Amino acid sequence: MIDAHCHVDTADFDPDRDEVIARAKASGISALINAGNNHPDNERVLAFSQKYGPGYYKAVICLSPHHAVELADDALEAELRFIESNKAKLVGIGETGLDRHHYKKEEEWAKQEKFYRAFLQLSESLDLPVVVHSRDAEEQCIRVAQEYKCRVMLHCFLNAKAIDLALSTNFAISVPTLKSKAIDKIIKRTPIERIFCETDSPWLWQGGRNEPANVRAAYERVAKIKSVELERVIGTVDGNVTSFFGFKPVTVP
Ligand SMILES: [Zn+2]
C-alpha cells in the first residue's frame, strides 16, 4: 500500500514522527507521498525525505490554495524557482488548486487561480505530475487543468456530482480515508485503474490525528465497494500510483 497524499512534515508529527514512519512500515505501507503546502513546509519535506530516505518518503512541494490567498506574487515567483531548482528531489508538484469551501471572495478565487495556473504551467514544463486540491471547486479545477498538458491527481475527491466530468479526463481520482455516501458513489463509478488511496494526514480521520498507516481503510473501502479482493486492489492501486509518479515500488523493510 502507498499513502498517495499526506503531510507528515507538519508540527502535528513533531513529537513522534519516527514512530509514525515505523508504524507505516510495520503496517505494510511501501511508500508515502508527502505534500508541502508553503515554503517553510517545503524545506521540511525535502529534509525529511533525506532523513527517512527518498525511496520511501516521496516529496511533492508547492504553495497550497490556503497559502495562495495570503501570499504576494514575489513569493509565487520564488517558489516556482525553488521547485525548479529541486526538481531532482521531487516526484511531483502539489498541492495546488482552488478552494471555495474555506474561501468565498472573488478576489481570493482569482488569487488561487493565478497560483494554480502558474503551478500547472510549471508542471507541464518540468514534466512533473501535479496534485490538485479541488474543494467545492471540482469542476473549475478540472476545466482549468485541462488547458495544460499535465498528469493530474485529484486529491481527496469528494464531489460525486463532478465524477463524470473527472472521468471524462485521464486524471487520477484519489480516495481519502473518510467515509461517506458520496465517496462510495465515487469509488463505484471510477474504474480501479484510475483510483489512488490517501490519508491527507494529519487530517480527514474520524476521531483524532490521521497517519499513513490508516491508508489501509481507503484500500479496504475500495475492495468492499467494488467487491474485489483486497490484495488485488492493493496491486492495482499501487501500480497506478507508482506509474503516475514514476518511481519503482519498494519492498517494505
Ligand atoms: Zn493535503
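Every number in this text was worked out from the coordinates using simple rules, so none of it is lab data. Note that this is a predicted model, so its numbers are computed, not measured. Neighbour counts run over all protein chains shown; Cβ positions are idealised from the backbone, glycine included.
For segment 76-221, the equivalent ellipsoid derived from the alpha-carbon gyration tensor has semi-axes of 25, 18, 16 Å in decreasing order.
Alpha-carbon geometry of the chain: the Rg and the Dmax are 16.7, 50 Å, given in that order.
For segment 1-95, the Cα gyration tensor yields ellipsoid semi-axes of 24, 14, 11 Å (square root of five times each eigenvalue, largest first, whole Å). The protection proxy used here, the mean number of other Cβ atoms lying within 10 Å of each residue, ranks peptides 5-11, 135-141, 230-236 as follows, highest first: 5-11, 135-141, 230-236.
Can you give the Kirkwood hydrodynamic radius of segment 29-155 from its Cα pairs, in Å with one decimal? Don't jump to the answer; show the numbers that get you there.
Values: mean 1/r = 0.0694 Å⁻¹.
With all distinct Cα pairs of segment 29-155 included, I get 14.4 Å.
If I take R0 = 25 Å and measure r between the Cβ atoms of ARG189 and LYS149 in this structure, what FRET efficiency does the formula 1/(1 + (r/R0)^6) give, to the nearest 0.05? Given R0 = 25 Å and the Cβ-Cβ separation, E is 0.45.
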